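Read-outs: derived from the displayed coordinates by stated rules, not from any lab. Computed from a predicted structure; not experimentally measured. All Cβ positions, even for glycine, are placed from backbone atoms using ideal geometry, and neighbour counts span all protein chains on display.
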Amino acid sequence: MDIMATILNEARSTPEGLRKTRIMYRCNLSFRQLKIYLKLLVDKGFLRVVLTKGSKEEVEIYQITEEGLSFLEVYGNLRDRLGEKRLTR
């Protein structure tokens with residue numbers, strides 16, 4: 001859940017969303033790990049994929065959804081109750 005929250009927190013940091021590579025580097029994940037977590041987050045409705053015109057081809061941009069924001073809020077509250085440092089802003 002910490003990794004999921006980290007990915008969602010990064011996606012929340014920019015309103016236009018992030019590309020896979022940016023998420024991978026900011027969250028310090030391998031590409032294999034990233035693919036697994038992105039699929040899970042999209043399947044659960046926490047992230048959405050938006051296709052955008054890139055310089056040569058369409059690019060997948062990942063944006064946080066209302067469900068994703070709700071997850072971060074609940075996750076932050078749980079960490080607060082457990083007395084852990086708050087990850088989300």
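Numbers for the structure displayed
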read-out: Hey, Leu8 on the phi < 0 side of the Ramachandran plot, touching a Phe, Trp or Tyr at 6+ places or on another chain (Cβ under 9 Å) and not basic (Lys, Arg) or not; value: yes
read-out: Unique residue being surrounded by fewer than 12 Cβ atoms within 10 Å (Cβ to Cβ), under 18 Å from Asp2 (Cα atoms) and not acidic (Asp, Glu) when the list is Ser55, Ser30; value: Ser30
read-out: Residue list for region 1-27, filter: of a type in the set (A, V, I, L, M), surrounded by 12 or more Cβ atoms within 10 Å (Cβ to Cβ) and touching a residue at least 60 places away in the same chain (Cβ under 8 Å); value: Met4, Ala5, Leu8
read-out: Filtered residues of region 26-41 (kept if of a type in the set (A, V, I, L, M) and outside any helix (DSSP H, G or I)); value: Leu29
read-out: Tally, over region 50-76, of residues that are of a type outside the set (Gly, Ala, Ser), without any contact (Cβ under 8 Å) to a residue 12 or more places away in the chain and part of a loop (DSSP other than H, G, I, E, B); value: 2
